[in-house]
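Down below is the structure, laid out as structure tokens.
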Amino acid sequence: MHKASYPDERVMNMAKTKTFDDNTSRYEMWFSRNEATYLSELEAIRDMLPGGRGVEIGVGTGLFAAPLGIKTGIEPSKNMRRIASERGIEVLDGVAEDLPFSDGSFDFALMVTTICFVDDINASFREARRVLKPEGSLIVAFVDRESPLGMKYQEHRMESEFYMDATFFTVDELVYSLKKAGFMKFMFNQTIFHEPELIDDVEPFREGYGEGSFVVIRADLSIP
């Protein structure tokens, strides 16, 4: 099995992992309290998923993987791994920059808001490409830095346990890094057009980006 080796990643991720270990209940509670927002994000992601075997990188507590039928996940937070396992997901301890899988293991990989917490975005995308089959897809869901919500999160990041250590990206920045990693074809969905706390009903997603704060990029390794 070929695996990339980043010996300092475990040390670099300690602070971020501790944050999620210490605040797992608050993490779960946010999605419960903002259910319509959560379901809006879920549907925008579901529309992008291809068939086949998938893995969620940064699976958290399994809130996305479980309803999307993804059975395998990677998660460095011990407390979050425990809850994801209870949701029926096989969760391995690991980080995006060093995935414990053989080359070409999956048809698709999913990252939901994980990208703003990785230490090396380019290494993460290279590893995702490595574990995908030749015609595989990587789906990256995130809060766009240039969106109203992204700007708000940045402005108040030091007030949040979760976003204090986060790095927010624009769509163009992620597409650039995905191209560097070898992805060739891109599709976009967007949702969350209002403040998350003010959304009472599921918001239909739209194609493209630039209006919704939550963007889903599907990046394919090959062009049909």
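The values are calculated or read from the model by the stated rules, or taken from the named source; none is laboratory data. Just so we're clear, the structure is a prediction, and the values are computed from it rather than from any experiment. Because the Cβ atoms are built from the backbone with ideal geometry, glycine has one as well, and the counts that use them run over all protein chains shown.
Figures for the structure shown
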quantity	calculated
Pairs where the first residue, in the stretch 180-196, is charged (D, E, K, R) and the second is assigned to a strand (DSSP E or B), C-beta under 9 Å, 6+ apart	K185/S137; K185/R218; K185/A219; K185/D220
Flag for D107 being at pLDDT below 95 and within 21 Å of E75 (Cβ to Cβ)	no
Candidate set: the stretch 17-33, residues that are closer than 21 Å to D93 by Cα and of a type in the set (F, W, Y); chosen: the one surrounded by the most Cβ atoms within 10 Å (Cβ to Cβ)	F20
Qualifying position, being in contact with a Leu (Cβ under 8 Å, 6 or more places away or on another chain) and of a type outside the set (V, I, T), among L68, L99, L63, L92	L68
Criterion: hydrophobic (A, V, I, L, M, F, W, C), surrounded by 20 or more Cβ atoms within 10 Å (Cβ to Cβ) and touching a residue at least 12 places away in the same chain (Cβ under 8 Å) - qualifying residue of I199, I217	I217
Test: residue in the stretch 12-32 that is without any contact (Cβ under 8 Å) to a residue 24 or more places away in the chain and farther than 22 Å from D165 by Cα	yes
Hits in the stretch 48-82 - residues which are part of a loop (DSSP other than H, G, I, E, B) and within 14 Å of the chain's Cα centre (by Cα)	M48, L49, G58, V59, G60, T61, G62, L63, F64, I70, E75, P76
Selection from the stretch 83-92 of residues that are among the hydrophobic types (A, V, I, L, M, F, W, C) and outside any loop (DSSP other than H, G, I, E, B)	I83, A84, V91, L92
Listing of helices (runs of 4 or more DSSP H) fully contained in the stretch 93-204 that carry 1 or more residues being acidic (D, E) and within 17 Å of the chain's Cα centre (by Cα)	121-131, 171-180
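Rundown of residues vs (1) closer than 21 Å to R26 by Cβ; (2) aromatic (F, W, Y); (3) out of contact with any Asp or Glu (no Cβ under 6 Å at 6 or more places or on another chain), yes/no style:
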position	(1), (2), (3)
G69	no, no, yes
T72	no, no, no
E90	no, no, yes
F117	yes, yes, yes
A123	no, no, no
A141	yes, no, yes
F169	no, yes, yes
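Per-residue answers, yes or no, for (1) under 14 Å from L178 (Cβ atoms); (2) crowded, with 18+ Cβ neighbours inside 10 Å:
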site: P50; (1), (2): no, no
site: E56; (1), (2): no, yes
site: P67; (1), (2): no, no
site: G73; (1), (2): no, yes
site: V95; (1), (2): no, yes
site: V112; (1), (2): no, yes
site: F117; (1), (2): no, yes
site: L132; (1), (2): yes, yes
site: K152; (1), (2): no, no
